[in-house]
Each structure stands twice: as structure tokens, then as C-alpha cells.
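Comments concern the structure below.
Just so it is clear, none of the values below were taken in a lab; they were calculated from the coordinates. Keep in mind the model is a prediction, meaning the values are calculated, not measured. Every residue, glycine among them, receives a Cβ derived from its backbone with ideal geometry; neighbour counts consider all protein chains shown.
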């Protein structure tokens, strides 16, 4: 059986594809309010080119392809991208990450095109605070989008919440209750340092252990055995509820030894680690006629460059090329 595995034996079964690096919001932990240059639409990968990369990866054992951004729903052909992926027999799961602003308008079309589930960013349930964090986002639109996605059958719905001390740390129980009572899974994520936030990230950093302690004042959490895979989140079952609570700890609890993923930028470059700077141009292989076989060969050759771990620290990023999370989708 063809498999894609790095020098440490980690099997790559998960591909994250950034279909656009621009975003309609400017979340404070993700990107600066201005100054970012986005890729021109004419330079982005086409749905067919994304399909070629996904076919190549699936021939080597990849089974999950996530559509991400930037904000993927700003691309008018995002449903075409999903259709391209869903036509690949070996791809079993096509999740999508979004800020949710446009989700209500696209949810049914995305579900029909093959998107299986969604992750939506909600960092506050206070509309004014949400607007401040996102620099202009409307919370009510996001919540409507989440509900529409669930109605369209994209489940499980996962809520992603970045932990920020002094910003949303007093809302953690409320956020957890919102997710649990609506049968959504929620993941609390430690804020990661980027070049655009490294000056204030230490002041906002909240360890996931402290967040869990606060949530356990209201809910009884038990380590889950059903949801643990090779992803970054550690999940807990919650007494009295069907959905789960997860914690992602890139700083306080490194999880690189179980990493099962690589990333493709919106320009078609293979990035081995979110916070590693090695990149390889798959799009050029395609545009020079390499096709699925050429991309497969390059994937096999490049996977040995996947680093053993990232080297993040509080107030210290380990990437010189990642200025904003929107460039690669987290």
C-alpha cells in the first residue's frame, strides 16, 4: 500500500488546503489591521489544480482534506472546490474552517457539494467584544451560520475559541455551555505567537490548563477515548451532554509527535509545518505538466523535510515567513 510517511514514521493522512489567503475580518490574534498583501485571485490555485494535489495525496494515504483560508467563503467557487474533492473516491472527509460570517448563505450548497463538517471561530458571545476581537465581525450572523450548517447536516460542528487572558477568560463557562447545549464540540486553543502579534501575545496568553480548571467548576470532564486521533486537540466527555470539549496546547503541551498533516498555501506551496519555513512549489509541477504522478513524486521527496517539532515559545515564533495565520489557515 502506498503511504506518505516522514522520517519519524508519522503517516500523513490529513491535508489542509488554503484556497485563499485574504479574509473579510482582521482578528487581533491572527493578523494586523492593515499592511498584509494578499494573493491576487488570478494567482490562486484553480479547483482543478487543488483536485490534482488532493488526488496525489490521496494516492499516498491521505484521507482528509480540509478547505481553509484566509476565509474560504470569500471565494465564489468554493463549492466547486468541494465538488472537486468529493469526486475523489479515497477522500473520506472534507471539513471546512470559516469565520462564519458568510456561512448561512453557503451552508446548503457546501453540504450538497460534499463538505462533511465545519469549524467556526467564536471567541466571545458578547457582540461588542466579538466585534472588537474580529475588528468588525457581527456575532449574530456567525451564530445563524452555525445553526444553518448544522441543519444542512455538516456535523459535528466545532467551535474554535482562542484563549485570551483579560479578553474572553471570564466567558469560558458561557462559551462551553453554548456549545454543549447546542450539541456543538468546542475547542479552546492557546494563543500562538506570530510576527504580527508577538509583542502582545505574552500578555494575552492563557494556558489551557487554567481554562480547563475554570470550566471544571461547572462541568464534570472525563478524558475521552472516542475522539482522540492524531490531531492536536485533547478531548473530554462532559457529564450530561453528548458533545465534547477539547483543548489545543501548542505552547504548554507540545503534540508534534502525533502530527499527521501537511499544508498547502493558496499559491500551491507545500508547507510541512505551520511554524516551519520549508516550502515546496507543487503548483509549478502541475503547470509544467507534471500532473498527479509528478505531484505524488514531489510529495514523497519533500516529506523527509517535515521537522520533528515546532519551536514556539511564549513571545517567540519559530517562523520567519508566517506573518498572519490567514496565510495558511492555522
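The table below lists the values:
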| quantity | calculated |
| --- | --- |
| Ranking of 236, 241 by count of other Cβ atoms within 10 Å, fewest first | 241, 236 |
| Exposure proxy order (Cβ contacts within 10 Å, fewest to most) of 308, 239 | 239, 308 |
| Residue 239 versus residue 140: modelled label distance in nm, points set 7 Å from Cα along the beta carbon direction | 3.8 |
| From the coordinates shown, semi-axes √(5λ) of the Cα gyration tensor in Å corresponds to which of [x] 30, 22, 21; [y] 30, 25, 21; [z] 32, 22, 19 | [x] |
| Gain in span if fully extended, residue 132 to residue 257, counting 0.36 nm per residue against the direct Cα distance | 41.4 nm |
| Antiparallel DSSP beta bridges within region 14-327, percent to nearest 5 | 35 |
| Most mobile of 152, 113, 320 in a GNM of the chain (Cα contacts under 10 Å) | 320 |
| In nm, spacing of pseudo-spin labels at residue 87 and residue 304 (7 Å Cα→C-beta vector) | 3.5 |
| 0 to 90° range, to nearest 10: angle between helix 47-59 axis and the chain longest Cα axis | 90 |
| Principal-axis tilt of helix 139-151 within the chain, Cα atoms, nearest 10 degrees | 60 |
| Mean separation of Cα contacts under 8 Å (6+ apart) over length of the chain, as relative contact order % | 23 |
| Candidates 79, 297, 56, ranked by Gaussian network fluctuation over the chain, Cα under 10 Å, top entry | 297 |
| Residues 302, 30, sorted so that the one with the fewest Cβ neighbours within 10 Å comes first | 302, 30 |
| Estimated [θ] at 222 nm from DSSP helical runs (n ≥ 4, -39500 (n - 2.57)) normalised by residues in the chain, nearest 500 | -8000 deg cm²/dmol |
| For the chain, built as a Gaussian network whose Cα springs stay under 10 Å, the top-fluctuating residue of 145, 100, 294 | 294 |
| Between 0 and 90°, nearest 10: helix 291-302 axis offset from the chain longest Cα axis | 70 |
| Gain in span if fully extended, residue 297 to residue 222, counting 0.36 nm per residue against the direct Cα distance | 22.7 nm |
